[in-house]
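Chemist: There's a structure below that I have some questions on.
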Amino acid sequence: MTAALYQQSILARAKDATGAGELENPHARVVADNPVCGDRVTMDIRMEGDVIESLAHNVRGCVLSQAAASVIGAEAPDCSRAEIDAVRNALAAMLDGTGEPPAGRWRDLAIFAPVVAQQHRRHCVLLPFEALHRALDAVQAIK
């Protein structure tokens, strides 16, 4: 583990834990696990039509997963699935070193740039997005 992964912006975002907790009566609650490192993200969402009304997360994992979930907690409400998918794809490309950081309201995801040099930690950042994706799938399945 390098010191770059523990930069102040990542630690601060993890400490903020925006959106941490549980929703009462969520439309979906899902769990995503990283069997390699043991990280686990539980994601609750409520939808208003095709837009995320609210969400909450519970992260048992490293600071990277915690920080990524906190960014999601701050930015995902009022987003459509298409927006979430586009952000996730842009983040994955950034982490692979093939793309630029997401822009606009998701620009804080640029704090994960040090993960490009630590490919074995990429999944830690993407795990909360995987949980959100599964939650959106679960809501879509019950419609």
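Chemist: Before anything else, pin down the relative contact order of the chain: Cα pairs under 8 Å, at least 6 apart, normalised by residue count, whole percent.
Modeler: Rounded, it is 27 percent for the chain.
Chemist: Test of understanding: what is the full-extension gain from residue 93 to residue 8, defined as 0.36 nm times their sequence separation minus their Cα-Cα distance?
Modeler: Stretched out fully, the residue 93 to residue 8 stretch lengthens by 28.3 nm.
Chemist: Starting from the Cα of residue 113, step 7 Å along the direction of its Cβ; do the same at residue 31; then give the gap between the two resulting points in nm.
Modeler: Distance between label points: 3.7 nm.
Chemist: Net charge near residue 26: determine it from the other residues with C-beta under 9 Å of the C-beta of residue 26, scoring Lys and Arg +1 and Asp and Glu -1.
Modeler: -1
Chemist: Quote the charge dipole size of region 33-143 about the Cα centre in Debye, to the nearest 20; the model charges only the Cβ of Lys and Arg (+1) and of Asp and Glu (-1).
Modeler: Once rounded to the nearest 20, the dipole reads 280 debye.
Chemist: For residue 82 and residue 60, FRET efficiency with R0 = 30 Å and r from the beta-carbon atoms, rounded to 0.05?
Modeler: The calculated FRET efficiency here is 0.55.
Chemist: For the chain, find the longest principal axis of its Cα atoms and tell me its angle to the long axis of helix 81-96, 0 to 90°, nearest 10.
Modeler: Roughly 10 degrees between the two axes.
Chemist: Compute the signed sum of charges (Lys and Arg +1, Asp and Glu -1) over the other residues within less than 11 Å, Cβ to Cβ, of residue 40.
Modeler: Neighbourhood net charge equals -1.
Chemist: Two-decimal Rg/Rh of the chain from alpha-carbon positions, Kirkwood Rh?
Modeler: My calculation of the ratio gives 0.95.
Chemist: Once both labels are modelled 7 Å past Cα along the beta-carbon direction, what's the residue 100-residue 20 spacing in nm?
Modeler: 3.3
Values in this text are rule-based calculations from the coordinates and carry no lab data. Since we're looking at a predicted model, the values are computed, not measured. Neighbour counts are summed over all protein chains in view; Cβ atoms, including those assigned to glycine, are modelled from backbone coordinates with ideal geometry.
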